[in-house]
Amino acid sequence: MPNYWLIKSEPFKYSWDDLIKDKEEVWDGVRNHRAKNNLAAMEVGDQCFFYHSREGLEIVGIAEVSVAGITDPTDPTGKWAAVKVKPVRKLKNAVTLKQIKAEPALAECELIRLGRLSVAEITPKEWKKILSMSES
C-alpha cells in the first residue's frame, strides 16, 4: 500500500500542466527539514497530491513517485533530498484550500497545521476524504 503526500508548487514556476508536458520531473529545491524528511521517506509508487500554491491555492492532480532516495541536484552540499514524480491524473474538480479548511475531518492535515510546508504527509483517511471532495 502506498504512502500519501502533498507536494506544492507555485504554478508560475512549475504547474500541473508543466508536469503533464514533461512526463516526469525531479522534485528538488526543498530547504525545510520537515519537508526534507518527508521527501526522504517517499518510496516508488507513493501517491502525491499536486497543489498549486500562491495562485489558485488548490489541489489539482495526483502524481506518483517514480524515483525515490535521490540527492537534490540543486544542492552542492549533498544533504538535501529529492525524488522524481510523474503525473497520474488530473482531479475531476480541484479541491481548494478554503474547502479543505472548512472540512472538520481535515483539521489535523499537515497542509492546515503546517501551512508553509512544501512537502506534506497525508494520512490515508485524509487522502480518501480529499478524493471524495474532488468528485463532487
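The values are calculated or read from the model by the stated rules, or taken from the named source; none is laboratory data. What you see is a predicted model, and the numbers here were worked out from it, not measured in a lab. Ideal geometry is used to build each Cβ from the backbone, glycine not excepted, and the neighbour counts take in all protein chains shown.
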Considering only residues that are at pLDDT below 95 and β-branched (Val, Ile, Thr), which ones fall in segment 12-37? Val30
Can you list residue pairs whose Cβ atoms sit under 8 Å apart, with the first residue in segment 87-106 being closer than 17 Å to Thr123 by Cα and the second being of a type in the set (Lys, Arg)? Count only pairs 6 or more apart in sequence or on different chains. Glu103/Lys129; Ala105/Lys125; Ala105/Lys129; Leu106/Lys129
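Across segment 91-108, what is the total count of residues that are surrounded by 13 or more Cβ atoms within 10 Å (Cβ to Cβ) and part of a helix (DSSP H, G or I)?
In the first step, residues of segment 91-108 are kept if they are surrounded by 13 or more Cβ atoms within 10 Å (Cβ to Cβ); the result is 91, 93-97, 99-101, 103, 105-106.
Those left that are additionally part of a helix (DSSP H, G or I): 97, 99-101, 105-106.
So the count comes out to 6.
Can you tell me which residue within segment 117-136, out of those that are free of Cβ contacts under 8 Å to residues at least 60 places away in the same chain and either in contact with a strand residue (DSSP E or B) (Cβ under 9 Å, 6 or more places away or on another chain) or outside any helix (DSSP H, G or I) (or both), is farthest from Val26 (Cα to Cα)? Let's see the steps before the verdict.
Step one: filter segment 117-136 for residues free of Cβ contacts under 8 Å to residues at least 60 places away in the same chain, giving 125, 128-129, 131-133, 135-136.
After this cut, where a residue has to be either in contact with a strand residue (DSSP E or B) (Cβ under 9 Å, 6 or more places away or on another chain) or outside any helix (DSSP H, G or I) (or both) as well, the list is 131, 133, 135-136.
Details: Leu131: 25, Met133: 28, Glu135: 29, Ser136: 31 Å.
Filtering segment 117-136 for residues that are free of Cβ contacts under 8 Å to residues at least 60 places away in the same chain and either in contact with a strand residue (DSSP E or B) (Cβ under 9 Å, 6 or more places away or on another chain) or outside any helix (DSSP H, G or I) (or both), the one farthest from Val26 (Cα to Cα) comes out as Ser136.
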Within segment 109-129, residues being over 12 Å from Tyr51 (Cα atoms) and either at pLDDT 95 or above or crowded, with 16+ Cβ neighbours inside 10 Å (or both) number 11
With the requirement that a residue be in contact (Cβ under 8 Å) with a residue 40 or more places away in the chain, among the β-branched types (Val, Ile, Thr) and in contact with a helix residue (DSSP H, G or I) (Cβ under 9 Å, 6 or more places away or on another chain), what does segment 15-69 give you? Val30, Ile59, Val60
For Gly78, state whether it is of a type in the set (Gly, Ala, Ser), loosely packed, with under 14 Cβ neighbours inside 10 Å, part of a loop (DSSP other than H, G, I, E, B) and at pLDDT 95 or above. no
